[in-house]
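The values are calculated or read from the model by the stated rules, or taken from the named source; none is laboratory data. Being a predicted model, the structure only gives us computed values, none of them experimental. Counting neighbours? That spans all protein chains shown, and the Cβs are built from the backbone with ideal geometry, glycine included.
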């Protein structure tokens, strides 16, 4: 029996993963056979996303593509941000889905991926962390609702996760900050990730626009995103002394509200994230 199946499905000490070397396998079209979560993200015309051509420059090298394998045998892709040498910040629904068997059994991180170029290789994940609240509520993948309408946003206030890597990366990292409404007013928000609608596949794209009015739990914005970008950090430049920092975790889009949205990083969220990172 693998290590990932020895502990209960949820543990306050994190969920262990099967650590396995990632083998790039190809489909008949020559593309990596992974699949992003289905569902709603919104591209507001005109599409203003721009491709990042040199992914090894800062801040692009602080993020990468996440590849997850679930008990149903299927693979999905998302986006994650490096928040220290051994830990990634991403969306909880990237690594846990009750409808697809529970926790991911294997996770790989491809930092600064640029199509078929892996500048820093591939690193396996060895442990996952989500909150007990997210596990208990087990909300449906917010990307998979029929029309993009999330009926109860309180189910997604905990849609954030940390992935611990098997080996540390010597790369720049992003900080996290619980920004206030005053600090975020009129700030440009940047979301960068791996949208599944762009060619060549598995390339990095970025977009920026001002934030809309948020609430205590979420950030809203009409910048363009697409499936595959779940888990991307919402980045703003708050000026000194805070500087460029992650203030939210991109989750999905809502056709009903005509917006894309992120879990807002609160002081409580960041305290939980830091406690996970310190666990043995």
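Is it the case that some residue within region 267-275 is buried (at least 18 other Cβ atoms within 10 Å of the Cβ), under 14 Å from residue 188 (Cβ atoms), under 18 Å from the mean Cα position of the chain (by Cα) and at pLDDT 95 or above? Taking every residue of region 267-275 in turn, none turns out to be buried (at least 18 other Cβ atoms within 10 Å of the Cβ), under 14 Å from residue 188 (Cβ atoms), under 18 Å from the mean Cα position of the chain (by Cα) and at pLDDT 95 or above.
Out of the strands (runs of 3 or more DSSP E) lying entirely within region 230-280, which hold 1 or more residues that are out of contact with any helix residue (DSSP H, G or I) (no Cβ under 9 Å at 6 or more places or on another chain) and within 19 Å of residue 141 (Cα to Cα)?
Values: elements: 233-237, 244-254, 259-264.
Of the strands (runs of 3 or more DSSP E) lying wholly inside region 230-280, those with at least 1 residues that are out of contact with any helix residue (DSSP H, G or I) (no Cβ under 9 Å at 6 or more places or on another chain) and within 19 Å of residue 141 (Cα to Cα) span 244-254, 259-264.
Scan region 195-214 and tell me whether some residue there is within 16 Å of the chain's Cα centre (by Cα), more than 24 Å from residue 118 (Cα to Cα) and either touching a residue at least 40 places away in the same chain (Cβ under 8 Å) or in a loop (DSSP other than H, G, I, E, B) (or both). Looking through region 195-214, none of the residues is within 16 Å of the chain's Cα centre (by Cα), more than 24 Å from residue 118 (Cα to Cα) and either touching a residue at least 40 places away in the same chain (Cβ under 8 Å) or in a loop (DSSP other than H, G, I, E, B) (or both). The set of residues in region 151-168 being out of contact with any helix residue (DSSP H, G or I) (no Cβ under 9 Å at 6 or more places or on another chain) and buried (at least 20 other Cβ atoms within 10 Å of the Cβ) consists of 165 alone.
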